[in-house]
Amino acid sequence: AFISMVVAPVFGSLSDRIRLPGGRRKPWLVIGTLGNVICLLGLAFLIQPGQPDSVWPWTIAFLLVEFFNNIATAPYSALIPDLVPAEQRGSASGWMGMMTMLGTFVGGLMGLFIEPLGGITSIYFVLIGIMLLGMLITVFAVKEPEVSITRSFEWNEFWRGLYTPFKHRDFTWVFLTRMLVTMGIYTVQEFLQYFMGDVVGAPFSLPGLGVVADSPEAAVSFFILPLLLGAIISSIIAGVLSDRYGRKVMVYVAGALMGVVALIYIFFHSFLLVVATGIVFGLGYGAYESVDWALASDVLPSMDDFAKDMGVWHVALVLPQVISTPIAGFLLDNFQAVGRAQNIANLGYTVISCVAVVYFILGTVFVKQIKGVR
(Lines give C-alpha, C1' and ligand atoms only; values in the text may rest on other atoms or scores of the structure.)
Protein backbone atom coordinates (compact mmCIF):
# COMPACT_ATOMS: atom_id res chain seq x y z
CA ALA A 1 0.00 0.00 0.00
CA PHE A 2 2.85 2.39 0.82
CA ILE A 3 4.49 1.70 -2.54
CA SER A 4 1.23 2.41 -4.31
CA MET A 5 0.70 5.70 -2.48
CA VAL A 6 4.20 6.92 -3.42
CA VAL A 7 4.70 5.53 -6.91
CA ALA A 8 1.33 6.48 -8.43
CA PRO A 9 1.70 10.27 -7.96
CA VAL A 10 5.40 10.24 -8.96
CA PHE A 11 4.98 8.40 -12.25
CA GLY A 12 1.67 10.10 -12.92
CA SER A 13 3.51 13.42 -12.69
CA LEU A 14 6.33 12.15 -14.89
CA SER A 15 3.83 11.15 -17.57
CA ASP A 16 2.28 14.63 -17.39
CA ARG A 17 5.65 16.30 -17.94
CA ILE A 18 7.79 13.96 -20.05
CA ARG A 19 7.01 13.03 -23.62
CA LEU A 20 8.67 9.74 -24.55
CA PRO A 21 8.62 8.16 -28.03
CA GLY A 22 5.04 6.97 -28.44
CA GLY A 23 3.32 9.55 -26.26
CA ARG A 24 2.86 10.61 -22.66
CA ARG A 25 0.96 7.64 -21.28
CA LYS A 26 1.57 4.53 -23.35
CA PRO A 27 5.38 4.28 -22.94
CA TRP A 28 4.95 4.08 -19.15
CA LEU A 29 2.34 1.38 -19.67
CA VAL A 30 4.90 -0.63 -21.66
CA ILE A 31 7.69 -0.08 -19.10
CA GLY A 32 5.45 -0.97 -16.17
CA THR A 33 3.94 -4.02 -17.82
CA LEU A 34 7.27 -5.50 -18.92
CA GLY A 35 8.71 -4.93 -15.44
CA ASN A 36 5.60 -6.55 -13.99
CA VAL A 37 6.02 -9.58 -16.25
CA ILE A 38 9.60 -10.13 -15.03
CA CYS A 39 8.50 -9.89 -11.40
CA LEU A 40 5.56 -12.25 -11.97
CA LEU A 41 8.07 -14.79 -13.24
CA GLY A 42 9.86 -14.25 -9.93
CA LEU A 43 6.65 -15.00 -8.04
CA ALA A 44 6.23 -18.15 -10.12
CA PHE A 45 9.66 -19.61 -9.44
CA LEU A 46 11.20 -18.00 -6.32
CA ILE A 47 9.00 -19.64 -3.70
CA GLN A 48 10.25 -23.13 -2.81
CA PRO A 49 7.98 -25.49 -0.83
CA GLY A 50 9.55 -26.46 2.47
CA GLN A 51 12.14 -23.66 2.31
CA PRO A 52 11.05 -20.73 4.52
CA ASP A 53 14.04 -18.63 3.39
CA SER A 54 12.50 -18.35 -0.07
CA VAL A 55 9.72 -16.20 1.38
CA TRP A 56 12.00 -13.15 1.43
CA PRO A 57 12.90 -13.10 -2.30
CA TRP A 58 9.26 -13.89 -3.09
CA THR A 59 8.17 -10.91 -0.95
CA ILE A 60 10.66 -8.61 -2.72
CA ALA A 61 9.32 -9.79 -6.08
CA PHE A 62 5.78 -9.07 -4.90
CA LEU A 63 6.72 -5.52 -3.83
CA LEU A 64 8.33 -4.99 -7.23
CA VAL A 65 5.11 -6.20 -8.88
CA GLU A 66 3.32 -3.46 -6.96
CA PHE A 67 5.99 -0.94 -8.00
CA PHE A 68 5.83 -1.70 -11.72
CA ASN A 69 2.06 -2.08 -11.63
CA ASN A 70 1.76 1.52 -10.47
CA ILE A 71 4.26 2.70 -13.08
CA ALA A 72 1.82 1.33 -15.65
CA THR A 73 -1.52 2.17 -14.10
CA ALA A 74 -0.89 5.73 -12.88
CA PRO A 75 -0.37 7.15 -16.41
CA TYR A 76 -2.96 4.70 -17.77
CA SER A 77 -5.57 6.09 -15.36
CA ALA A 78 -5.32 9.47 -17.07
CA LEU A 79 -6.34 8.12 -20.47
CA ILE A 80 -10.07 8.41 -19.76
CA PRO A 81 -10.01 12.12 -18.81
CA ASP A 82 -7.47 12.61 -21.65
CA LEU A 83 -9.66 11.06 -24.33
CA VAL A 84 -13.30 11.19 -23.25
CA PRO A 85 -15.49 14.32 -23.41
CA ALA A 86 -16.83 15.40 -20.03
CA GLU A 87 -20.42 14.53 -20.96
CA GLN A 88 -19.41 10.90 -21.68
CA ARG A 89 -17.10 10.25 -18.75
CA GLY A 90 -19.79 8.49 -16.74
CA SER A 91 -20.37 5.95 -19.51
CA ALA A 92 -16.63 5.50 -20.07
CA SER A 93 -15.98 5.10 -16.33
CA GLY A 94 -18.87 2.64 -16.18
CA TRP A 95 -17.26 0.50 -18.85
CA MET A 96 -13.93 0.71 -17.06
CA GLY A 97 -15.60 -0.23 -13.80
CA MET A 98 -17.41 -3.16 -15.39
CA MET A 99 -14.21 -4.51 -16.92
CA THR A 100 -12.40 -4.07 -13.59
CA MET A 101 -15.11 -6.03 -11.77
CA LEU A 102 -15.17 -8.66 -14.52
CA GLY A 103 -11.40 -9.04 -14.22
CA THR A 104 -11.69 -9.42 -10.46
CA PHE A 105 -14.44 -12.01 -10.90
CA VAL A 106 -12.51 -14.05 -13.48
CA GLY A 107 -9.33 -13.75 -11.40
CA GLY A 108 -11.18 -15.18 -8.42
CA LEU A 109 -12.54 -18.05 -10.50
CA MET A 110 -9.01 -18.87 -11.66
CA GLY A 111 -8.33 -20.08 -8.14
CA LEU A 112 -10.76 -22.91 -8.78
CA PHE A 113 -8.75 -24.10 -11.77
CA ILE A 114 -5.23 -24.14 -10.34
CA GLU A 115 -4.85 -27.91 -10.62
CA PRO A 116 -6.49 -28.32 -14.08
CA LEU A 117 -4.22 -25.57 -15.43
CA GLY A 118 -1.11 -27.27 -14.06
CA GLY A 119 -0.57 -25.61 -10.69
CA ILE A 120 0.03 -22.11 -9.35
CA THR A 121 3.01 -21.51 -11.65
CA SER A 122 0.73 -21.89 -14.68
CA ILE A 123 -1.63 -19.27 -13.25
CA TYR A 124 1.21 -16.74 -13.26
CA PHE A 125 1.79 -17.44 -16.95
CA VAL A 126 -1.91 -16.91 -17.64
CA LEU A 127 -1.69 -13.55 -15.86
CA ILE A 128 1.39 -12.63 -17.89
CA GLY A 129 -0.41 -13.46 -21.12
CA ILE A 130 -3.46 -11.38 -20.17
CA MET A 131 -1.31 -8.39 -19.17
CA LEU A 132 0.72 -8.48 -22.37
CA LEU A 133 -2.45 -8.73 -24.45
CA GLY A 134 -3.98 -5.74 -22.67
CA MET A 135 -0.79 -3.74 -23.12
CA LEU A 136 -0.55 -4.51 -26.85
CA ILE A 137 -4.19 -3.63 -27.49
CA THR A 138 -3.75 -0.30 -25.69
CA VAL A 139 -0.49 0.54 -27.45
CA PHE A 140 -1.74 -0.19 -30.95
CA ALA A 141 -5.46 0.63 -30.70
CA VAL A 142 -5.50 3.76 -28.52
CA LYS A 143 -4.46 7.06 -30.07
CA GLU A 144 -3.29 9.56 -27.50
CA PRO A 145 -4.30 13.20 -27.99
CA GLU A 146 -1.60 15.50 -29.27
CA VAL A 147 -0.29 17.63 -26.40
CA SER A 148 2.59 20.08 -26.53
CA ILE A 149 4.67 19.66 -23.38
CA THR A 150 6.04 23.01 -22.27
CA ARG A 151 7.19 22.27 -18.72
CA SER A 152 9.85 19.85 -17.51
CA PHE A 153 9.63 17.64 -14.46
CA GLU A 154 11.02 19.28 -11.32
CA TRP A 155 11.03 17.72 -7.88
CA ASN A 156 10.20 20.97 -6.06
CA GLU A 157 7.19 21.47 -8.29
CA PHE A 158 6.21 17.83 -7.78
CA TRP A 159 6.23 18.10 -3.97
CA ARG A 160 4.14 21.27 -4.14
CA GLY A 161 1.84 19.53 -6.57
CA LEU A 162 0.94 16.86 -4.02
CA TYR A 163 -1.08 19.36 -2.02
CA THR A 164 -1.98 21.81 -4.80
CA PRO A 165 -5.13 19.82 -5.79
CA PHE A 166 -6.44 20.27 -2.26
CA LYS A 167 -6.59 24.01 -2.81
CA HIS A 168 -9.61 23.21 -4.96
CA ARG A 169 -12.65 22.64 -2.79
CA ASP A 170 -14.34 20.09 -5.04
CA PHE A 171 -11.24 17.89 -5.35
CA THR A 172 -10.83 17.91 -1.56
CA TRP A 173 -14.43 16.79 -1.03
CA VAL A 174 -14.15 14.06 -3.67
CA PHE A 175 -10.95 12.82 -2.00
CA LEU A 176 -12.52 12.87 1.48
CA THR A 177 -15.76 11.16 0.46
CA ARG A 178 -13.87 8.50 -1.47
CA MET A 179 -11.68 7.85 1.55
CA LEU A 180 -14.66 7.53 3.92
CA VAL A 181 -16.62 5.16 1.69
CA THR A 182 -13.51 3.03 1.06
CA MET A 183 -12.97 2.79 4.81
CA GLY A 184 -16.51 1.49 5.10
CA ILE A 185 -15.91 -1.06 2.34
CA TYR A 186 -12.76 -2.44 3.97
CA THR A 187 -14.34 -2.48 7.41
CA VAL A 188 -17.01 -4.81 6.03
CA GLN A 189 -14.95 -6.94 3.67
CA GLU A 190 -11.79 -7.53 5.69
CA PHE A 191 -13.69 -8.90 8.72
CA LEU A 192 -16.28 -10.94 6.87
CA GLN A 193 -14.36 -14.19 7.36
CA TYR A 194 -14.37 -13.70 11.14
CA PHE A 195 -18.01 -12.62 11.08
CA MET A 196 -18.84 -15.89 9.31
CA GLY A 197 -17.00 -17.96 11.91
CA ASP A 198 -17.91 -16.11 15.10
CA VAL A 199 -21.42 -14.80 14.40
CA VAL A 200 -23.05 -16.76 11.56
CA GLY A 201 -21.40 -20.04 12.51
CA ALA A 202 -21.29 -23.45 10.84
CA PRO A 203 -22.92 -25.31 9.23
CA PHE A 204 -23.09 -22.95 6.26
CA SER A 205 -26.17 -24.20 4.44
CA LEU A 206 -28.58 -22.83 1.86
CA PRO A 207 -32.20 -23.93 1.25
CA GLY A 208 -32.35 -26.69 -1.31
CA LEU A 209 -28.56 -27.07 -1.43
CA GLY A 210 -27.78 -28.18 2.10
CA VAL A 211 -24.31 -27.52 3.51
CA VAL A 212 -22.31 -25.58 0.89
CA ALA A 213 -19.19 -24.68 2.91
CA ASP A 214 -17.35 -26.32 5.78
CA SER A 215 -15.19 -23.35 6.86
CA PRO A 216 -15.57 -19.56 7.24
CA GLU A 217 -13.00 -19.08 4.46
CA ALA A 218 -15.09 -21.12 2.02
CA ALA A 219 -18.29 -19.45 3.21
CA VAL A 220 -16.93 -16.00 2.33
CA SER A 221 -16.84 -16.96 -1.36
CA PHE A 222 -20.64 -17.20 -1.27
CA PHE A 223 -20.65 -13.49 -0.40
CA ILE A 224 -17.82 -12.38 -2.72
CA LEU A 225 -19.07 -14.04 -5.92
CA PRO A 226 -22.59 -12.51 -5.68
CA LEU A 227 -20.91 -9.21 -4.77
CA LEU A 228 -18.84 -9.27 -7.95
CA LEU A 229 -21.81 -10.29 -10.07
CA GLY A 230 -23.84 -7.39 -8.69
CA ALA A 231 -20.90 -5.05 -9.23
CA ILE A 232 -20.48 -6.12 -12.87
CA ILE A 233 -24.15 -5.40 -13.51
CA SER A 234 -24.33 -2.05 -11.73
CA SER A 235 -21.04 -0.51 -12.81
CA ILE A 236 -21.91 0.07 -16.46
CA ILE A 237 -25.56 0.97 -15.72
CA ALA A 238 -24.64 3.50 -13.02
CA GLY A 239 -22.00 5.09 -15.24
CA VAL A 240 -24.45 5.62 -18.09
CA LEU A 241 -27.17 6.92 -15.76
CA SER A 242 -24.72 9.35 -14.13
CA ASP A 243 -24.19 11.05 -17.51
CA ARG A 244 -27.94 11.56 -17.77
CA TYR A 245 -29.05 12.24 -14.22
CA GLY A 246 -25.84 13.41 -12.55
CA ARG A 247 -23.07 11.83 -10.52
CA LYS A 248 -24.35 12.71 -7.06
CA VAL A 249 -27.64 10.84 -7.18
CA MET A 250 -25.84 7.64 -8.18
CA VAL A 251 -23.33 8.08 -5.34
CA TYR A 252 -26.24 8.55 -2.92
CA VAL A 253 -27.86 5.32 -4.11
CA ALA A 254 -24.59 3.37 -4.06
CA GLY A 255 -23.62 4.56 -0.58
CA ALA A 256 -27.10 3.80 0.74
CA LEU A 257 -27.01 0.22 -0.59
CA MET A 258 -23.66 -0.52 1.04
CA GLY A 259 -24.67 1.20 4.28
CA VAL A 260 -27.90 -0.80 4.50
CA VAL A 261 -25.94 -4.05 4.24
CA ALA A 262 -23.67 -3.03 7.13
CA LEU A 263 -26.77 -2.05 9.11
CA ILE A 264 -28.43 -5.42 8.46
CA TYR A 265 -25.44 -7.24 9.93
CA ILE A 266 -26.08 -5.55 13.27
CA PHE A 267 -29.45 -7.28 13.66
CA PHE A 268 -29.52 -10.36 11.41
CA HIS A 269 -26.99 -13.17 11.16
CA SER A 270 -28.46 -15.75 8.78
CA PHE A 271 -26.07 -17.25 6.21
CA LEU A 272 -28.77 -17.06 3.54
CA LEU A 273 -29.23 -13.36 4.29
CA VAL A 274 -25.47 -12.75 4.16
CA VAL A 275 -25.33 -14.36 0.71
CA ALA A 276 -28.31 -12.31 -0.48
CA THR A 277 -26.83 -9.08 0.83
CA GLY A 278 -23.67 -9.86 -1.13
CA ILE A 279 -25.61 -9.01 -4.28
CA VAL A 280 -26.96 -5.80 -2.72
CA PHE A 281 -23.51 -4.75 -1.53
CA GLY A 282 -22.11 -5.54 -4.98
CA LEU A 283 -24.72 -3.37 -6.71
CA GLY A 284 -23.69 -0.45 -4.52
CA TYR A 285 -19.98 -1.23 -4.78
CA GLY A 286 -19.95 -1.45 -8.59
CA ALA A 287 -22.03 1.70 -8.97
CA TYR A 288 -19.82 3.64 -6.61
CA GLU A 289 -16.55 2.50 -8.19
CA SER A 290 -17.62 3.57 -11.68
CA VAL A 291 -19.36 6.83 -10.80
CA ASP A 292 -16.71 7.99 -8.35
CA TRP A 293 -14.06 7.65 -11.06
CA ALA A 294 -16.13 9.92 -13.30
CA LEU A 295 -16.65 12.30 -10.38
CA ALA A 296 -12.89 12.51 -9.80
CA SER A 297 -12.29 13.09 -13.53
CA ASP A 298 -14.81 15.94 -13.51
CA VAL A 299 -13.08 17.86 -10.71
CA LEU A 300 -9.42 17.47 -11.72
CA PRO A 301 -7.96 20.96 -11.30
CA SER A 302 -5.67 21.06 -14.36
CA MET A 303 -5.56 19.32 -17.73
CA ASP A 304 -1.75 19.49 -17.53
CA ASP A 305 -1.69 17.34 -14.38
CA PHE A 306 -4.33 14.68 -15.02
CA ALA A 307 -2.12 11.68 -14.21
CA LYS A 308 -0.46 13.26 -11.17
CA ASP A 309 -3.79 14.40 -9.72
CA MET A 310 -5.37 10.99 -10.37
CA GLY A 311 -2.37 9.52 -8.54
CA VAL A 312 -3.07 11.81 -5.58
CA TRP A 313 -6.74 10.83 -5.70
CA HIS A 314 -5.64 7.18 -5.77
CA VAL A 315 -4.29 7.66 -2.24
CA ALA A 316 -7.92 7.93 -1.09
CA LEU A 317 -8.34 4.32 -2.23
CA VAL A 318 -5.08 2.97 -0.78
CA LEU A 319 -4.77 4.81 2.54
CA PRO A 320 -8.01 3.33 3.96
CA GLN A 321 -6.52 -0.13 3.45
CA VAL A 322 -3.76 0.90 5.85
CA ILE A 323 -5.81 2.59 8.57
CA SER A 324 -9.39 1.22 8.52
CA THR A 325 -8.50 -2.41 9.22
CA PRO A 326 -6.32 -1.71 12.31
CA ILE A 327 -8.99 0.64 13.65
CA ALA A 328 -11.73 -1.94 13.18
CA GLY A 329 -9.50 -4.73 14.52
CA PHE A 330 -8.78 -2.76 17.69
CA LEU A 331 -12.47 -2.04 18.21
CA LEU A 332 -13.46 -5.63 17.48
CA ASP A 333 -11.01 -7.17 19.96
CA ASN A 334 -11.74 -4.75 22.78
CA PHE A 335 -15.52 -4.69 22.47
CA GLN A 336 -15.67 -8.47 22.08
CA ALA A 337 -13.88 -8.66 25.44
CA VAL A 338 -16.32 -6.15 26.94
CA GLY A 339 -19.22 -8.12 25.51
CA ARG A 340 -18.01 -11.36 27.04
CA ALA A 341 -17.62 -9.65 30.42
CA GLN A 342 -21.12 -8.15 30.22
CA ASN A 343 -22.71 -11.21 28.58
CA ILE A 344 -23.51 -9.27 25.40
CA ALA A 345 -23.05 -11.51 22.38
CA ASN A 346 -21.09 -10.22 19.36
CA LEU A 347 -20.69 -6.70 20.75
CA GLY A 348 -17.45 -6.17 18.81
CA TYR A 349 -19.10 -7.00 15.49
CA THR A 350 -22.01 -4.70 16.33
CA VAL A 351 -19.58 -1.86 16.98
CA ILE A 352 -17.58 -2.24 13.77
CA SER A 353 -20.79 -2.59 11.75
CA CYS A 354 -21.97 0.70 13.28
CA VAL A 355 -18.61 2.27 12.42
CA ALA A 356 -18.97 1.08 8.81
CA VAL A 357 -22.48 2.57 8.64
CA VAL A 358 -21.10 5.90 9.87
CA TYR A 359 -18.36 5.81 7.20
CA PHE A 360 -20.92 5.17 4.48
CA ILE A 361 -23.27 7.88 5.73
CA LEU A 362 -20.56 10.54 5.96
CA GLY A 363 -18.95 9.56 2.67
CA THR A 364 -22.34 9.75 0.95
CA VAL A 365 -23.79 12.86 2.58
CA PHE A 366 -20.64 14.96 2.11
CA VAL A 367 -20.89 14.48 -1.67
CA LYS A 368 -23.45 17.28 -1.47
CA GLN A 369 -20.55 19.66 -0.76
CA ILE A 370 -19.14 19.11 -4.28
CA LYS A 371 -20.47 22.17 -6.08
CA GLY A 372 -18.99 21.86 -9.56
CA VAL A 373 -20.70 18.55 -10.42
CA ARG A 374 -24.39 17.77 -10.47
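The values are calculated or read from the model by the stated rules, or taken from the named source; none is laboratory data. None of these values were measured; they are calculated from a predicted model. A quick note on method: Cβ atoms are made from the backbone with ideal geometry, for glycine too, and the neighbour counts reach across all protein chains shown. Note: accessible area is taken over every heavy atom of the protein model, side chains too, but ligands, DNA and RNA are not part of it. Shrake-Rupley method; radii C 1.70, N 1.55, O 1.52, S 1.80 Å.
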### With DNA, RNA and ligands ignored, accessible area of R374 (1.4 Å probe; Å², nearest 10)
150
#### Entry: Check: the chain dipole with +1 on Lys, Arg Cβ and -1 on Asp, Glu Cβ, in debye
940
### Task
Specify whether the C-alpha gyration tensor of the stretch 10-117 places it in the rounded, prolate or oblate class, a ≥ b ≥ c being the square roots of the eigenvalues: rounded for a/c under 1.5, otherwise prolate if a/b is larger than b/c and oblate if not.
oblate
### Message
Can you sort Y252, Y186, Y288, Y163 by solvent-accessible area, 1.4 Å probe, largest first?
### Response
Y163, Y252, Y186, Y288
### Query
How far apart, in nm, are two points set 7 Å out from the Cα along the Cα-to-Cβ line at I120 and at Q342?
4.3
### Query
Which whole-Hz couplings ³J(HN,Hα) result when phi for each residue of the stretch 179-194 is put into the Karplus expression 6.51 cos²θ - 1.76 cosθ + 1.60, θ = phi - 60°, listed in order with x for Gly and Pro?
5, 5, 5, 5, 4, x, 4, 6, 5, 6, 5, 6, 10, 5, 4, 6
### Query
Considering the zone a paramagnetic label at N334 would reach in this model (a point 7 Å from Cα along the Cα-to-Cβ line), which residues of the stretch 157-191 have amide N under 18 Å from it?
187
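Considering only Cα-Cα distances, which of the following residue pairs are longer than 25 Å: K26/K371; K167/K368; K167/K371? Show your work: numbers first, answer last.
Details: K26/K371 33 Å; K167/K368 18 Å; K167/K371 14 Å.
Where the Cα-Cα span goes over 25 Å, the pairs concerned are K26/K371.
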### Task
List, in order, the whole-Hz ³J(HN,Hα) value for each residue of the stretch 82-95 obtained from phi through the Karplus relation with A = 6.51, B = -1.76, C = 1.60 and θ = phi - 60°; use x for Gly and Pro.
5, 9, 9, x, 4, 6, 10, 5, x, 5, 5, 5, x, 5
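To the nearest 0.05, what FRET efficiency results for T172 and V142 with a Förster distance of 22 Å applied to their C-beta separation?
Approximately 0.10, to the nearest 0.05.
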### Query
Does the stretch 243-349 classify as rounded, prolate or oblate by the C-alpha gyration tensor (a ≥ b ≥ c root eigenvalues; a/c under 1.5 gives rounded; else a/b over b/c gives prolate, otherwise oblate)?
oblate
### Message
Quick check: residue separation of V6 and V358 times 0.36 nm, minus the Cα distance between them. What number comes out in nm?
### Response
123.9 nm
### Message
Probe radius 1.4 Å, ligands and nucleic acids ignored: give me the carbon and sulfur share of the accessible area of the chain as a rounded percent.
### Response
70
### Query
So how far apart, in nm, are the two label points at L109 and L272 if each is 7 Å from Cα heading toward Cβ?
2.7
### Query
Roughly how many Å² is the accessible area per residue of the stretch 1-112, as a whole number, for a 1.4 Å probe?
47
### Query
In terms of modelled amide H atoms, which long-range or inter-chain residues lie less than 5 Å from the amide H of A213?
F204
### Query
Tell me, what ³J(HN,Hα) does each residue in the stretch 310-317 have, in order and in whole Hz, if you take phi through Karplus 6.51 cos²θ - 1.76 cosθ + 1.60 with θ = phi - 60° and put x for Gly and Pro?
5, x, 5, 4, 4, 4, 5, 8
### Ranked packing of 224-233, 322-331, 290-299, most packed first, by mean Cβ within 10 Å
290-299, 224-233, 322-331
### Query
Counting only heavy atoms of protein chains, what accessible area per residue, in Å², does the stretch 256-374 have with a probe of 1.4 Å?
41
